[in-house]
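What follows is one structure encoded as structure tokens, with my remarks underneath.
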Amino acid sequence: MITREEYDVFTSSTRNKRLEWFKDARFGMFIHYGPYSVSGMGEWAMYTQNMDVKDYEKLAMQFKPAENCTDLWCQTAKNAGAKYVVMTTRHHDGFSLWNSKTNPYNLYNYTGRDLVKEFVESCRKYGLKIGLYSSLMDWHHPDGWKCATDEEARKRFTKYIEDLNVELLSNYGKIDILWYDMSYPLKTSTLWDSVNRNYKLRQIQPDLLINNRSKMPEDFFTPEESNDPKPDDPGGYFEACMTFNKISWGYINEEQAKKFNYTSQQIVRMLTICAKKGGNFLLNIGPRPDGTLPDDDKREIERVGEWLKKNGSAIYGDSVRNPDVQACGNCVTIGSSTKDGKSAYLYNLIWPNNGEIVIGGYINQPSKITCISDGREIKFRKENHRFVMYDLPTKPIDDVLGITVFKLEFDEPIKCCPASHYPHMREGIPFQE
Ligand code: GLC
């Protein structure tokens with residue numbers, strides 16, 4: 001037993017070190033896969049359709065992942081430039097995808113397959129960090145709801161949750177992230193026994209990162225379907241998780257879903273915003289019932305990877321991001337800045353037709369501008385309150401997605417002024433903060 005205070009001291013003393021790789025990684029892939037994939041109605045199908053446990057079990061019997069599907073996911077994640085993958089090991093439907101001794105309702109007992117084992121092996125093969133998603137809520141376990149009103153059921157259920165996670169973190173070597181979800185129906189970390197459980201899990205995996213969904217803030221918070229954390233968000237490091245279509249995490253009819261899908265350009269924009277704010281982006285794909293990936297999702301995400309190959313230095317690496325320094329861009333070019341405050345990245349979205357990009361809002365001026373995909377130097381001239389990049393080609397320099405990234409280097413830390421003060425700048429009135 002450990003008190004909450006002792007636990008907080010214990011976890012916070014190693015947090016920065018544990019978070020290092022995660023902050024550098026910036027981009028991860030989320031996989032929602034389970035019997036619900038067979039239904040094609042999303043991972044909440046059992047609940048939204050108010051299905052009987054017995055009926056849902058029939059769906060589980062039809063769930064037969066193709067050989068090597070975890071390899072396909074990891075290969076795609078690698079090509080996409082993601083640095084880690086988080087897989088649903090057991091979603092709210094309560095079906096474990098591994099050979100569990102705690103939960104007989106599992107894939108191994110149905111098919112002889114242990115998908116967690118296959119997944120961790122695939123991640124290692126492709127050099128990806130490993131995240132295991134683990135639901136707290138459970139629609140299959142007899143105490144899953146009862147735990148809210150019956151103390152004995154609560155004790156049994158929290159012990160069950162602990163045993164499941166102990167299995168996950170003991171039997172598959174080093175695991176990098178435990179991604180909890182849905183702390184329902186219990187209302188506090190005490191009722192969930194989160195301090196004791198998480199403490200125990202950290203003894204098994206000392207470098208483990210844990211997200212904020214066990215009613216404890218832990219290592220990072222997880223805004224959902226939003227890459228724009230608001231000031232009232234809990235603070236600390238963030239990882240924005242996103243569906244591919246704003247509809248579902250689990251598989252849905254891909255022909256119909258594709259008109260709602262994000263394009264590679266939209267994905268890069270979201271990634272850019274997360275990187276700029278100093279956070280990670282976790283993009284979800286819901287594999288088909290057989291575990292293969294919808295072609296459209298795969299194509300778009302792999303194009304992101306092609307872009308990252310050339311432009312990744314503007315995204316990866318916490319050492320180069322600085323959410324506190326404003327970097328300025330105009331409406332066709334958005335900006336982010338580096339930790340030393342002396343460089344900015346401008347991501348051009350709409351290419352000019354006159355060979356010039358004009359940027360206002362910087363009080364000081366860059367000394368050098370390069371295009372990061374090919375390193376070419378860009379000519380620019382200073383014009384008092386703005387600068388003009390000129391002699392640009394007629395088409396975007398970036399030939400992958402048409403999102404060209406410029407790096408602006410300054411001799412001194414960047415000084416920007418808010419757009420509302422542009423007229424002051426124009427008129428030469430000194431800027432006052
Ligand atoms: C929500 C949903 C769940 C999904 C998760 C991902 O909590 O209940 O289906 O797995 O978000 O963030």
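Against the compact-protein benchmark of 2.2 N^0.38 Å, the Cα-based radius of gyration of the range 198-316 scales to 1.19. Listed here are the pairs Lys309/Lys407; Lys155/Lys246; Lys83/Lys395; which of them are more than 28 Å apart at the Cα? With Cα atoms farther than 28 Å apart: Lys155/Lys246; Lys83/Lys395. Across the range 113-243, the volume of the C-alpha convex hull divided among the residues equals 131 Å³ per residue.
For the range 326-425, the C-alpha radius of gyration divided by 2.2 N^0.38 Å, with N the number of residues, is 1.00. Computing Rg and the Kirkwood Rh from the Cα coordinates of the range 51-163 gives a ratio, Rg/Rh, of 1.03.
In whole angstrom, how far apart do the alpha carbon centroids of the range 304-348 and the range 11-64 sit? The range 304-348 and the range 11-64 have Cα centres spaced 31 Å from each other.
Here the range 354-379 is scanned for amide nitrogen atoms under 14 Å from the site 7 Å beyond the Cα of Arg426 along Cα-to-Cβ, giving 359-361. Looking at the range 207-275, the trypsin sites (Lys or Arg not before Pro) that sit in a DSSP loop and have at most 11 other Cβ atoms within 10 Å of their own Cβ are Lys246. Dipole orientation for the chain: of the candidates Leu408, Asn50, Gln265, Leu408 has the Cα lying most toward the positive pole (charges on Cβ; Lys, Arg +1; Asp, Glu -1).
Label zone of Asp411 (point 7 Å out along Cα→Cβ, amide N under 18 Å): in the range 353-373 this covers 362-370.
Derived value for the chain: Kirkwood hydrodynamic radius 23.3 Å. Basis is the mean of 1/r over every pair of different alpha-carbon atoms.
No value in this document is a laboratory result; all are computed from the given coordinates. Predicted model only: the values in this text are computed from it and were never measured. Cβ: placed from backbone, ideal geometry, glycine included. Neighbour counts: every protein chain shown.
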